[in-house]
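One structure below.
Coordinate-derived values only; no laboratory data. Since we're looking at a predicted model, the values are computed, not measured. Here Cβ is always computed from backbone atoms with ideal geometry, including for glycine, and neighbour counts include all displayed protein chains.
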Amino acid sequence: MEHQNLEKTTSTTPMLSKDDKDKIVIITPSNGAGKILIREDTILANLQGCAGCGKTQFACAGVKKQWSALCWGRPSDRKYYCMLVLLSATFALSLIGTVFFCFTNTINDAIISNMVIRNNSIAFSMWRRPTVHPLMKVHVFNYTNWQRVRDGLDEKLHVDEVGPYVYSQNIERVEIEFDGDKLSFQERNIFKYLPHESVGAHFDQVYVPNLPLLGVLAKAANLPFFAQLTLATTLSTVANHKEAFLKLPVQRFLWGYDDSIIDLAKPFLSLQGKLKFDKFGLLVTKNGTTSDRFTINTGENDKNKMNLFELFNGQPALDYWNSPECNSIEASDGTIFPPSLLDRNSTLYVFYPNLCRRLPFKYIKDVEIGDGIQLMRYGMPDDVFDDPVSNPANQCYCEVDTGECPPRGVINVTECAMGAPALASFPHFLRGDPKLREDISGLNANADQHESYLDIHPTLGIALSGKSSLQLNIQIRKTNSFGTLNFLKQGLVLPIAWIEMSVEELPESLQTLVYHGTYSTAAAQLGLTVFCIITLTVSSICLFVMIVRRKRKPCATLKIIPVDTELKSQLTK
């Protein structure tokens, strides 16, 4: 190759060997500055003024180093840096994805976001008209010997449990109003009798406590003596006022029968406007549209509050008890819980309007349902209905003025029964004071049969199965003005019936949601996690190889060095 404008120097240059010449590449510079370009990996051995020369480095006196953009035997710098940027971006994105999918529940969170009860959404449609139809099983206590006890022939009352009488419940939310992330509504219940599931018929005759009479007499105990006499005279005109027990068909006892006792007692007991039914029945207020109005949080702004009560009949708390904790309504209705609350060490709460309070549920164990789906079982604590001696947290359910507390095993729900001395307990007074069963024979508590629990999906927060078993009771409160109750002990707690609410079969739509919420989302998250990990591994290896090879075998770039005439002559030969 020819060279022009080469700068002349006075230094002498040794002769280059044939091998050295073969490794030298010379390009004529275009600027004519007396410089030549040689490859960086050219061996400049035995050159005067050069020391420590090697394949990758050289140091020559007076040599001015200058890199060229040209390269031999390897890709150009442009391609190298483009590949480097691409791999770096892939590495960064895969690293973020790995951390994101390994340490977060992104897909589950997306499903939960779709469960928020937004207006006109699928979740709203499912919530408004649930496809799940719980079963209500009613077990009625039949007082077979009350007349013998009245006549002094028997010492203790005896009860036979009859039933269960089974009904399917169809729920619809009506009178719906949205206010931001608050949703107000009422419930409309339709109960359908299931004869093939029931043990007995609607027309079965049973002897049951005369609830209207017992309630009125308990209320009258607080009236002045002359008011009590006037009320007693008024009630004497009613045919069924003389008996503490009535014989009724199950259908009428549960869903309503004509009774004039309460109508006659209204002026004395200030009940005008408080009665929410025309006929009296144990479950009469449960059928049709309830008068209670609920307000829940939709979870739109805070998923940790999804389906939790905000207001009950327009109030943020109850006013029945003497502490904020006992008056709190911060609870779910038992169907959906915010997944963030599902912790094995945390307590869930379910609000029971008919019991004037919320009830706690604590984690018991993991259970498995169809398709191998794991659920978390929560149950009511054994001491939930204990007296303050056994459970100090229940002090607020006692009478403040009198200090009177219900016996261990029952809670006072008088405020929810328009003043009637109503009590609630576990069936057959399970876990209650043994004295509750001493005066009544035929009661047999069974922990396995009478337990209450909820089986909740750990990621979706949906209660997929469960059972709530509670018993309704009435307490005898009498005065000397009414001789009807003379044969019954003061303070005696009479069991009326116990009711089991359960979910035994899920609709196909909910089964599909649960299946995908358990397996499809888990598979998607696992697949994305594995993909990100593989991509991270491959990109990191490629980056490492590129960087190491670049250092170990550098690109054959050109350097411009000043040379004298003799060196130029040797290089051109």
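Would you mind calculating the relative contact order of segment 328-419 from Cα pairs under 8 angstrom and at least 6 residues apart, reporting the percent as a whole number?
Normalised by residue count, the contact order of segment 328-419 is 19 percent.
I'd like the distance separating the alpha-carbon centroids of segment 427-445 and segment 468-482, in whole Å.
Between the Cα centre of segment 427-445 and that of segment 468-482, the gap is 15 Å.
For a quick check: with amide H placed at 1.01 Å from N, whose amide H comes under 5 Å from TYR257's, ignoring anything fewer than 5 positions away on the same chain?
PHE280, GLY281
Report ³J(HN,Hα) in whole Hz for each residue of segment 401-410, in order, from the Karplus equation J = 6.51 cos²θ - 1.76 cosθ + 1.60 where θ = phi - 60°; Gly and Pro get x.
Result, rounded to whole Hz: 6, 9, x, 7, 10, x, x, 4, x, 9.
Please tell me which of these pairs span more than 25 angstrom C-alpha to C-alpha: LYS286/LYS365; LYS219/LYS286; LYS362/LYS467; LYS247/LYS279; LYS305/LYS362?
With Cα atoms farther than 25 Å apart: LYS286/LYS365.
What order, most packed first, do the peptides 93-99, 333-339, 212-218, 311-317 have when packing is the mean number of other Cβ atoms within 10 Å of each residue?
The packing order, highest mean first, is 212-218, 333-339, 93-99, 311-317.
For segment 283-360, what is the convex hull volume of the alpha-carbon atoms per residue, in Å³?
Measuring per residue, one finds 115 Å³ for the Cα hull of segment 283-360.
How much length is gained if the chain between THR289 and HIS133 is pulled fully straight, taking 0.36 nm per residue apart and subtracting their Cα-Cα distance, in nm to one decimal?
54.5 nm
Principal axes first, then extents: for the Cα atoms of segment 267-426, list largest minus smallest coordinate on each axis, whole Å, largest first.
59, 39, 31
What nm value, rounded to one decimal, do you get for the distance between GLU404 and ILE547 when each label is placed 7 Å out toward the C-beta?
In this crude spin-label approximation the distance works out to 8.2 nm.
What does the highest-first list of 345-353, 439-447, 78-86 look like by mean Cβ count within 10 Å?
With the highest mean Cβ count within 10 Å placed first, the list reads 345-353, 439-447, 78-86.
PHE203 versus ASP366, label points 7 Å from Cα toward the beta carbon: distance in nm?
The modelled label-to-label distance comes out at 5.4 nm.
Output wanted: per-residue J couplings in Hz (rounded whole) for segment 335-344, from phi through Karplus 6.51 cos²θ - 1.76 cosθ + 1.60, θ = phi - 60°, x for Gly and Pro.
My calculation for segment 335-344 gives 9, 9, 10, x, x, 5, 7, 7, 10, 5 Hz in order.
With each label point set 7 Å from Cα along the Cα-Cβ vector, what nm distance links ARG188 and VAL174?
0.4 nm
Residues with amide H under 5 Å of ARG408's amide H, sequence separation 5 or more or different chain, H placed in the peptide plane at 1.01 Å from N; which?
Under 5 Å from the amide H of ARG408 lie the amide H atoms of ASP387, ASP433, each far enough along the sequence or on another chain.
Amide H of ILE364: which non-local residues (sequence gap of 5 or more, or other chain) have their own amide H closer than 5 Å, using H built in the peptide plane?
Amide H to amide H, under 5 Å and 5 or more residues apart or across chains, ILE364 pairs with ARG377, TYR378, GLY379.
Convert each backbone phi in segment 139-155 into a coupling constant with the Karplus relation 6.51 cos²θ - 1.76 cosθ + 1.60 (shift: θ = phi - 60°), then list the ³J(HN,Hα) values in order as whole Hz, x for Gly and Pro.
10, 9, 8, 9, 7, 7, 10, 4, 5, 5, 5, 4, 7, x, 7, 10, 8
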